[in-house]
1. In units of 2.2 N^0.38 Å, what is the alpha-carbon radius of gyration of segment 158-221?
2. Sorted by packing (mean other beta-carbon atoms within 10 Å per residue), highest first, where do 170-180, 122-132, 46-56 land?
3. Which value results for Rg/Rh of the chain when Rg is the Cα radius of gyration and Rh the Kirkwood radius based on the inverse mean 1/r?
4. In cubic angstrom, how much convex hull volume per residue do the alpha carbon atoms of segment 103-245 span?
5. If packing is taken as the average count of other Cβ atoms within 10 Å, what order do 191-197, 10-16 fall into, highest mean first?
6. Under 5 Å between amide hydrogens, which residues at least 5 positions from His259 or on another chain qualify, with H placed 1.01 Å from N in the peptide plane?
7. Using a Förster radius of 45 Å, what is the FRET efficiency between Ile123 and His16 based on their Cβ-Cβ separation? Nearest 0.05, please.
8. Find how much the distance from Lys204 to Arg85 grows on full extension, using 0.36 nm per residue of separation minus their present alpha carbon separation; answer in nm with one decimal.
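Coordinate-derived values only; no laboratory data. The shown structure was predicted, so the numbers you read here are calculated from the model rather than taken from an experiment. Please note: Cβ atoms are built from the backbone with ideal geometry, for glycine as well, and neighbour counts cover all protein chains shown.
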Amino acid sequence: MGKATTIDCIRGQSAHRPVLLGFAPADLLYRLSFADILNEETGKGYQRPFNDRHSQDFRRYIREPTSSTIPLTLNLRASASADWRLVESDAGRIRLEVAPNAGKIMAQVDCQHRLGHLSDLPIMLPFMCFIGLTEREEMEVFSIINSKARGLSTSLLDYHEAQLAEDLSKERPELFIALELNAAPDSPWCRRLNLGGQKTSGLKRIASLRMMQQAIQDFLKAAKIPVDHPLDDTVRIVLDFWKAVARELPKEWGEPRKHMLTKGVGVYALMRIAADIYRERRESDHPCDQRAFSTALSDFVHSVDWSTTGPLKGFGGQAGVKAATELIRDARKRSRYKVVNGQ
């Protein structure tokens, strides 16, 4: 049957949550815990991908004779409760007993890079362990701890916010629309936005969730869509626009590394052009759908050099986006001038 693993702890509180405080060998904590990395294919998990270099750096450091670290943050998963139990003793002490062959019963809420390369080191480390947090609660704790962490993807934080929101469509409509673009099977952006998690092998993520939701926020402001306008229709408008872009510029869309369409400047500028077209269609009391966008785009997009070596190459930041937008608007004006003058 084997012998249970035991760790002596102290029961306490971290603000309003009960926790265990204790010390244990790093190799034991490694064996009993796991990092719940976001799988972008399934939507399960919430942490960033493992950074091997970051973890190796900590391994080298912690072996130094003067090294130390703040407590590791863990959570005893309720889903694994059949494999662990807490045994009370006197003076506030408590013993965590883990069944033989229990496997990984604790989530590494904030310590995956510290534990990642310590599977063979018995160095004693301090830990704080939550008791039975749900995965949603774990995500919330992780987000609060790491919201300002260097190197943590802003898109991953956006994804956390989406999962934790009570009503995302009302709280963050631009983020809701961006996630819909990434999820809709008929979207040219389907599963192409980087959410900050573990990416599907072979599938190219060509833009970040953070960039797309910010570009959509610009669109909503510039298009002056009424606040009471049905959000599903706004999703449809944005989706129709990008379908039209991919249709009118298939070669450029198919080669994202060689063209600016899906890079920051291109996405921001094109969303502002979408707002121009939408306002014009609304003011003339005409529907704004994929056909309307395609018709408007076909008049001028082919006259713009979208390559990464063309005039859009040097634009960056908000000033660059503004300049790129004006360049594209100028191409549109010139196409209209040719039509009016029969040239």
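1. Taking the Cα Rg and dividing by 2.2 N^0.38 Å, one obtains 1.09.
2. With the highest mean Cβ count within 10 Å placed first, the list reads 170-180, 122-132, 46-56.
3. Using Cα coordinates only, the ratio equals 1.12.
4. Roughly 158 Å³ of hull volume per residue.
5. 191-197, 10-16
6. Those qualifying (amide H under 5 Å, at least 5 residues apart or on another chain) are Thr308.
7. Calculated transfer efficiency: 0.90.
8. 38.4 nm
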